[in-house]
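> Before I ask anything, let me first share the structure, which is written out below as structure tokens.
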Amino acid sequence: MDLWGKNVTEPMKGTMIRLVLKFILSDRGGSSMSKEESSMIHCLTCSIVDVKNLNFYEDIFEKPYLKATGIFYRYQVLPKC
């Protein structure tokens, strides 16, 4: 892991993932994202990928993303009462 990964991405991974997932959920819910929000998601995701460690990406982003996606779509198919 490089200097950026050790000093920025690793210590902030929880906050980064929460922000990305929050914006993705908001977008899926129909809220439009501002250009700044979209740019922030792009930058955060690039920071995770730039660490150049596939296990790091899978563990801190992919697994929570897939879990959140599954929850979102399970909720979408539940009957509305």
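The values are calculated or read from the model by the stated rules, or taken from the named source; none is laboratory data. Since this is a predicted model, take the numbers as computed values, not measurements. As a convention, Cβ positions derive from the backbone with ideal geometry for all residues, glycine included, and neighbour counts pool all protein chains shown.
> Would a scan of the range 27-37 turn up a residue that is under 13 Å from the mean Cα position of the chain (by Cα) and of a type in the set (S, T, Y)?
Within the range 27-37, none of the residues are under 13 Å from the mean Cα position of the chain (by Cα) and of a type in the set (S, T, Y).
> Filter the range 1-13 for residues that are assigned to a helix (DSSP H, G or I) and either touching a residue at least 40 places away in the same chain (Cβ under 8 Å) or among the charged types (D, E, K, R) (or both); which is nearest to G70 (Cα to Cα)?
Of the range 1-13, the ones assigned to a helix (DSSP H, G or I) are 3-13.
Pick out the ones that are also either touching a residue at least 40 places away in the same chain (Cβ under 8 Å) or among the charged types (D, E, K, R) (or both) and you get 4-6, 9-10, 13.
Working: W4: 31, G5: 28, K6: 30, T9: 25, E10: 25, K13: 21 Å.
The qualifying residue nearest to G70 (Cα to Cα) is K13.
> Right, next: Identify, from the list G30, G5, G14, the residue that is of a type outside the set (D, E) and at positive phi.
Details: G5 fails: at positive phi; G14 fails: at positive phi.
The match here is G30.
> Out of V8, V49, report the one residue that is surrounded by 12 or more Cβ atoms within 10 Å (Cβ to Cβ), under 12 Å from the mean Cα position of the chain (by Cα) and not basic (K, R).
Only one candidate qualifies: V49.
> Could you list, in sequence order, all residues of the range 33-81 that are modelled with pLDDT under 85 and among the polar types (S, T, N, Q)?
Matches in the range 33-81: T45, S47, N53, N55, Q76.
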